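The next block holds one structure in the form of structure tokens; read it before the comments.
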Amino acid sequence: MDHAYEIGMTETILQSNPDVLIDHERVEQGDLRTEEMLVNMGPQHPSTHGVLRLVLRTDGEMVLDTVPHIGYLHRCAEKIGESLPPYQYIPYTDRMDYLAAMNDNQAFAVAIERLCGLEVPPRAQIIRVIVAELNRIASHLVALGTYGLDMGAFTPFLYCFREREMILDLFEAVCGARLTYSYITVGGVREDLPDGWVDRCREYLDYFEPKISDYNNLLSFNHIFVKRTANIGVISPDDAIAFGLTGPMLRGSGVRFDLRKVAPYDGYEAYEFDVPIARPGGVDEIPANVVVGDSWSRYYVRVLEMIQSVRIIRQALDRLEDGELLAKKLKGLKLPDDEVYVEVENPRGQLGFYVKGDGSAIPSRVKARGPSFCNLCITQHVCRDVLLADVPAIVGSMDVVMGEVDR
Amino acid sequence: MERRTTNRVLGRRLILMALACAFCGATPLLAGEAGGERIGVTTASAPGGLLEALLFYGVAGSAVVSALAVCFCKNIVRMAVALLLTLCSVAMLYFLLAANFLGAIQLIVYAGGTLLLLVFGVMLTSKSPWARFEPPKREVFAAGAVCAVMLFSLVMVLSRSTWSGPEGAVSGASMADLGHALMTTYLVPFEIAGVLLMIVMVGAAHLARQDK
Amino acid sequence: MRWIDSAWYHKPLLHYIDDPGARDVIVTRFSVPWQPRGPVSNGIIAQGVIGVARLTYSVAAPVFSRFAGLILIGAVVGTCLAVWAHSLIFGFVDAHILGGTAFPAGYAAQPFAYFSPSTWGLSPSVILVRLEAAGGLGAAMSGVLQYLTWPVQFGFVRDVIGLGAIFGLFNIIPIYTIWWERKVAGRIQSRLGPMRVGGWHGWAQSFADGIKLLLKEDLVPKDADTVLFRTAPYFAIIPSILAFVALPFGTSYMFRELDVALVFILGVLGVEVMSVIMAGWASNNKWSIYGAMREACQMVSYEIPLSMSLLIPVVCVGSMSLTTVGEAQSEGWFSWLAFSNPFIFAAFVSYFIASLASVKRAPFDLPEAESELVAGFHTEYSGLRWSMFFFAEYAAMFVIAALASILFLGGWHSPLPMSWAGVFDGWVASGGMLGLVGAGMKGLLFSGPIWLMFKAVFLLYVQIWLRWTLPRVRIDQVLYACIQVLLPLTMLLLLGTTLWVWASTSDSSAWAMFDSIVTRILGVIGIVMALAFPSIAVYGFYNRRRLVGNLAVDAMPGS
């Protein structure tokens, strides 16, 4: 934290002394270096993906140092968790990573279920998997679209959002909301799928699957896009593990880790799907200057994950059977005097919930481990000695959502 | 400071802008083809007349005023902008003299090249827009003395020479003649200038190279 | 089980104007709160003006929305007629009033000087005499015409009319380019673009935007350099207007015929760089300064390949006058300079790329990069000042598109050779109404301003298309592309063209045959490419359900 204060003080000094004489000596020496500037990117900025403030120390066009300042979206969600029973806390989890609300709900619900030993009925589990994977697709569409927008490609953003609108229509039919669903609740799901929803979902998947190759042609393999993102912000696997990165950031650096395979929940062990990992010597269509761990790898891991999500949803739709939607013995649920920490695979990484119960219906401590918070920690390490235009490329590939950074 | 601009001020500005456009656009008008769309007039001729006098005094006046602004401005960037006005006024003078090519080249080379170089130097080395350039008093005195001597000698030369205008209408050289001359009579200076510019570019690139 | 509306997927996402049950309010509602503007009279006048504007709009909009197509076509045709008629009038004046055979001998058939105290021109009575000598007009008409044509004899009046036309062009072209860009961008992005303002496809969107920008608060940031901040927009639009002065729209449709028109336009476009630097610097905003520095680097670097690419057709034709270059391409498709030799063909491409960087359009729009610098050098500008930068940019886009058309694509000539225009010579010679129609057909089919506008508009469309398709290039990659790719390429092309032209000056018939074969081949390639655009569009339209998917196509109303 001292470092941050140091930069702040320097800023004050510069601003309070506007009338500075030209340094004649510097001009005489033929020193053409520009002076160092402290530049503030955010908290209101079109490309910081939310209220993130990045203070950059730049020398001309080169960024020497980056310090992210967070906390602009802090809403005391964890403290509120100490005063609400779990089923009432579900809407608060929606608003943490508001782009993947179903996955947030699922994380908290799985945590409470593990704490209390509840068993989710199979139909509810399958529905959970379907909506979670649909939300993964929607979240990745936002990530891809906004990443293209940061790079100046305006059109894929709208195509991704057009696809996402259809997913949101599906969600609206299921639970009435488009962004913050509160649909997956402790013990199962809140309501049943409406009539014809399954067919509509299949129609959507048939429509969506060929689109991914469209996006690849338009954006992923676009020469200009590749030049802007390949070999930028390279994170080695050791660094990734040391900084606690998860999700596509981890897999984009080559670490083989996906919670859905390693520690499955909600019946994920029954589905057949691959997990895209960035590896050297990939398939032919990967551009030549891509390096494992750069921004393009992370971006492409997300593209491939969408394909896998479609696979999972199709299998889940086929396996859908009639049954109950909620676990038994939910009325008057009391949390045992125990603690649990559960992580699930969010689109952005591993979202973890630590819940400590004390025998009453209300937990005594809820802590959320936001994947974007941990992913953001590497900003200072990786945004050194890069060009100013690379900072949005790196931050965009991290796909942060400030809701779960600040909670 | 934030100020609200009234409609009256905006209207005044619009009129000013329109006049400025007309003024700037009117200058090439006198490049020989006084009066409308005619085909086939390829050589320029410099006519006399009231309009030319008006334009000359106006443009020359603006050149002098902006040159003085360059000398007396304390703000570096305003100095650069005043220099831009000076160079554009000189370009307009060239157009008035029916030297179209030279005027256009003046715009390209000076206003679009040399001035940008100056502005880059200013921007990259000054710390804020309000950086002031205040040379010490003895430098001002010395420069003033030198300029006074030069002014005196210029005035003596101007007042003692007899100015005779050109006989009849002046027709500027056509582009083909210019090119031919550059490639035959003045080939050596042309090539030397090119080599010199290349040396300048290479030197600048070398100086600006970061030692990594 | 819940039942939901089974048609919800196929319901249009918007209440579109064609849906009779969902007609929304068309007028963009803007309410002007009472703002104390100083003296009461100013406020009253402002309110009065706004009231008149709203009244006019509420009266005019329903009419326009019903007859929009007719009005648009009428405006285009009317403009062409007006342009053509003014040349008729000027020609009439020159021939019959200022020159001609019915005059006393020794009278110099030249228009009077601009204005001189000694002679105030021909008085109306003299004009009347000469008009009657010209014959063919009734007494009453001549009586009116003598007063109407009296001012037209002065060059000053003609120039004012011409400048007014240029100023009008400078305004109208950006307005409609902006509207069109928004429509094209919408269609590329699977949406519709402006649809409401004015009724028919939002044709009045730019006007509404203009009114909105005029009514915005006029902000000058604290600690900004006020003088520079306020004058920077003017340094942007004056060069754009000046470029129109030298730009020819037809064989005899130009404001001034300069023999160095090309260099003049390049020079004034170079002054635009200064406006960007001034704007960025004077805003006292680090982001604006970044944008200004990047922009200056980019524009100045790309002036070199731009100028060299433009020199290539000049080498072929041997003149820097745009009129001469345009006239050299009058013999139809295969005489267009772009197909003259393969080096020019490549030079067209390199010119286009360099010109995109010169007007800071995507993929080189780093200075205005929204996602990185908010708005680059014009971050702190709002209202009328920002719209001036905007207008200057779109006018510059049109100027470079027109330059490309004149220098490479045949200018104001159609693909049909002028030698076939002899068909209409008989009509023109017979005079009267048939003569008018003949001249009109000649202009339409063979050589006229409408062809230049068509080609320039097509190149504008390509620029808009590229902007909404390609991502942005980083500044170091921009400069790399300029200095390490485009510059050597253009030098090689210049060398190649020079050698080609030199070879053509020799009398070898073998070379002449080789040259014409190459021209034919390149021309055929050009025809194929030109036909490819509409055929791909038609193919895409008829296969849109298969290519895009039913769901997306149904979601867009009117498709």
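Just checking, which of A:I241, A:I167 is surrounded by fewer than 20 Cβ atoms within 10 Å (Cβ to Cβ) and at pLDDT 90 or above? Give the steps one after another, and end with the answer.
Numbers: A:I167 fails: surrounded by fewer than 20 Cβ atoms within 10 Å (Cβ to Cβ).
Going through A:I241, A:I167 in turn, just one is surrounded by fewer than 20 Cβ atoms within 10 Å (Cβ to Cβ) and at pLDDT 90 or above: A:I241.
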| said: What's the number of the only condition in (1) touching a residue at least 40 places away in the same chain (Cβ under 8 Å); (2) within 9 Å of chain C (Cβ to nearest Cβ); (3) not hydrophobic (A, V, I, L, M, F, W, C) that B:E134 fails to meet? | reply: (2)
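Just the residues that are within 30 Å of A:L168 (Cβ to Cβ) and either outside any helix (DSSP H, G or I) or out of contact with any helix residue (DSSP H, G or I) (no Cβ under 7 Å at 6 or more places or on another chain) (or both), please, taken from region C:525-544. Spell out the reasoning first.
Pass one, region C:525-544, residues within 30 Å of A:L168 (Cβ to Cβ): C:540-541, C:543-544.
Hits for region C:525-544 are C:F541, C:N543.
Quick check on region A:258-275. Is at least one of its residues outside any helix (DSSP H, G or I), more than 30 Å from A:D195 (Cα to Cα) and within 16 Å of the chain's Cα centre (by Cα)? Please lay out each step first, then the result.
Taking region A:258-275 and keeping what is outside any helix (DSSP H, G or I), we get A:258, A:263-267, A:271-275.
If we keep only those that are more than 30 Å from A:D195 (Cα to Cα) as well, we get A:258, A:263, A:274-275.
Those left that are additionally within 16 Å of the chain's Cα centre (by Cα): A:258.
Yes, some residue in region A:258-275 is outside any helix (DSSP H, G or I), more than 30 Å from A:D195 (Cα to Cα) and within 16 Å of the chain's Cα centre (by Cα).
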| Only one of (1) more than 9 Å from every other protein chain (Cβ to nearest Cβ); (2) on the phi > 0 side of the Ramachandran plot is not met by A:G152, so which one is it? | (1)
| query | In the set A:A316, A:A278, which member is outside any loop (DSSP other than H, G, I, E, B) and surrounded by 21 or more Cβ atoms within 10 Å (Cβ to Cβ)? | reply | A:A316
| Based on what the data block shows, is A:T185 at the interface with chain C (Cβ under 9 Å from one of its Cβ atoms), touching a residue at least 12 places away in the same chain (Cβ under 8 Å), surrounded by 19 or more Cβ atoms within 10 Å (Cβ to Cβ) and of a type in the set (V, I, T)? | no
| Looking at (1) surrounded by 18 or more Cβ atoms within 10 Å (Cβ to Cβ); (2) over 18 Å from A:A77 (Cα atoms); (3) in the same structural domain as A:P237 (by TED's automatic domain parsing), can you tell me which one A:D390 breaks? | (3)
| field | Subset of region A:341-372 (residues that are out of contact with any Lys or Arg (no Cβ under 7 Å at 6 or more places or on another chain), surrounded by 20 or more Cβ atoms within 10 Å (Cβ to Cβ) and farther than 22 Å from A:P264 by Cβ) | value | A:G357, A:V366
| query | In region A:109-129, is there at least one residue being within 14 Å of chain C (Cβ to nearest Cβ), of a type in the set (G, A, S) and under 21 Å from the mean Cα position of the chain (by Cα)? | reply | no
| field | Members of region C:298-343 found to be away from every other protein chain (no Cβ under 14 Å), in contact with a Pro (Cβ under 7 Å, 6 or more places away or on another chain) and buried (at least 24 other Cβ atoms within 10 Å of the Cβ), listed by number | value | C:L337
| Residue list for region A:353-407, restricted to those being of a type in the set (V, I, T) and assigned to a helix (DSSP H, G or I) | A:T379, A:V382, A:V391, A:I394, A:V395, A:V405
| request: May I ask you to say which residue of C:L547, C:L493, C:L522 is in the same structural domain as C:C316 (by TED's automatic domain parsing) and not in a loop (DSSP other than H, G, I, E, B)? | output: C:L493
| field | Check on B:L84, outside any loop (DSSP other than H, G, I, E, B) and either more than 8 Å from chain C (Cβ to nearest Cβ) or among the aromatic types (F, W, Y) (or both) | value | no
| Given the conditions (1) assigned by TED's automatic domain parsing to the domain that holds B:G112; (2) of a type outside the set (V, I, T); (3) at pLDDT 65 or above, which single one is not true for B:L10? | (1)
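Is at least one residue of region C:249-256 more than 10 Å from chain B (Cβ to nearest Cβ), at pLDDT 80 or above, within 22 Å of B:A99 (Cα to Cα) and under 18 Å from the mean Cα position of the chain (by Cα)?
First pass over region C:249-256, keeping only residues more than 10 Å from chain B (Cβ to nearest Cβ): C:249.
Adding the requirement that they be at pLDDT 80 or above leaves C:249.
Filter again for within 22 Å of B:A99 (Cα to Cα), leaving none.
No, region C:249-256 has no match at all.
Per-residue answers, yes or no, for (1) under 30 Å from B:A99 (Cβ atoms); (2) without any contact (Cβ under 8 Å) to a residue 24 or more places away in the chain; (3) hydroxyl-bearing (S, T, Y); (4) in a helix (DSSP H, G or I):
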| residue | (1), (2), (3), (4) |
| --- | --- |
| C:P194 | no, yes, no, no |
| C:G199 | no, no, no, no |
| C:D209 | no, no, no, yes |
| C:A232 | yes, no, no, yes |
| C:A236 | yes, no, no, yes |
| C:S240 | yes, no, yes, yes |
| C:F244 | yes, no, no, yes |
| C:G270 | yes, no, no, yes |
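Can you say whether A:R200 is within 27 Å of C:R467 (Cα to Cα), in a helix (DSSP H, G or I) and modelled with pLDDT of 90 or more, as far as the supplied structure shows? Before you say what the answer is, go through the steps one by one.
Numbers: within 27 Å of C:R467 (Cα to Cα): no; in a helix (DSSP H, G or I): yes; modelled with pLDDT of 90 or more: yes.
Judged against the criteria, A:R200 is not a match.
State yes or no: is C:P534 touching a residue at least 12 places away in the same chain (Cβ under 8 Å) and closer than 27 Å to C:P174 by Cβ? Break it down into steps so the answer makes sense when it comes.
Working: touching a residue at least 12 places away in the same chain (Cβ under 8 Å): no; closer than 27 Å to C:P174 by Cβ: yes.
Taking the combined requirement at face value, the residue does not satisfy it.
The values are calculated or read from the model by the stated rules, or taken from the named source; none is laboratory data. On a predicted model such as this, the values are computed, not experimentally measured, just so you know. Please note: Cβ atoms are built from the backbone with ideal geometry, for glycine as well, and neighbour counts cover all protein chains shown.
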